1. On the protein heavy atoms, probe 1.4 angstrom, tell me the percent of accessible surface of the chain carried by carbon and sulfur.
2. Using a Gaussian network model of the chain with C-alpha springs under 10 Å, which one of 54, 15, 42 is most mobile by mean-square fluctuation?
3. Roughly how big is region 44-113's charge dipole about its Cα centre, with Cβ charges of +1 (Lys, Arg) and -1 (Asp, Glu), in debye to the nearest 20?
4. Starting from the Cα coordinates of region 34-90, work out the convex hull volume and express it per residue in Å³.
5. Quick one: how many Å² of residue 104 are accessible to a 1.4 Å probe, rounded to 10?
6. Just want the answer: with Cβ charges of +1 for Lys and Arg and -1 for Asp and Glu, which residue in 90, 53, 114 is farthest toward the dipole's positive end in the chain?
7. Per residue, how many Å² of accessible area does the chain show with a 1.4 Å probe?
8. Run the reach check for residue 64 against lysines, Cα to Cα strictly under 16 Å, same-chain hits fewer than 8 apart removed. What comes back?
Amino acid sequence: QVHLVESGGGLVQAGGSLRLSCAASPTFFRPDVMGWYRQAPGKQRELVAAITSGGRTNYADSVKGRFTISKDNARNTVYLQLNSLKPEDTAVYYCNAKAPLQDYWGQGTQVTVSS
């Protein structure tokens, strides 16, 4: 059974940084795409960033130049570096893994940015 375990959320002041991690198990699970989504209160879940198995990345316009997605294949872990955080980045951030037949989701980690 596939599990995605996120960590790294928290409370930070505007302009600060956080790094989110998402570890996928079992180790032989190799999704086509892994990404981060976020959902703020009263809003729909939206894509923040994604990375393919080949290393291509995609970002939401609102985070380009501030967030960086990366992955460690040996650890089967994907990271999201969040810099220059803004109050509007406050949301629950969810890790996602896309396999040919199914999407998998983590439990979510809260990111709160104070002004």
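The values are calculated or read from the model by the stated rules, or taken from the named source; none is laboratory data. Source: prediction; values computed, not measured. Cβ atoms come from the backbone with ideal geometry, glycine included; neighbour counts cover every protein chain shown. Protein only, heavy atoms only, side chains kept; ligands, DNA and RNA dropped before computing areas. Shrake-Rupley method; radii C 1.70, N 1.55, O 1.52, S 1.80 Å.
1. 49
2. Among 54, 15, 42, the largest GNM mean-square fluctuation belongs to 42.
3. Using Cβ point charges on Lys, Arg, Asp and Glu, region 44-113 gives about 180 debye.
4. So the per-residue Cα hull volume is 83 Å³.
5. Rounded to the nearest 10, the figure is 50 Å².
6. The residue sitting most towards the positive pole is 53.
7. Using a 1.4 Å probe on heavy atoms only, each residue of the chain averages 55 Å².
8. Counting by Cα, and skipping residues close in sequence, residue 64 has these lysines nearby: 86.
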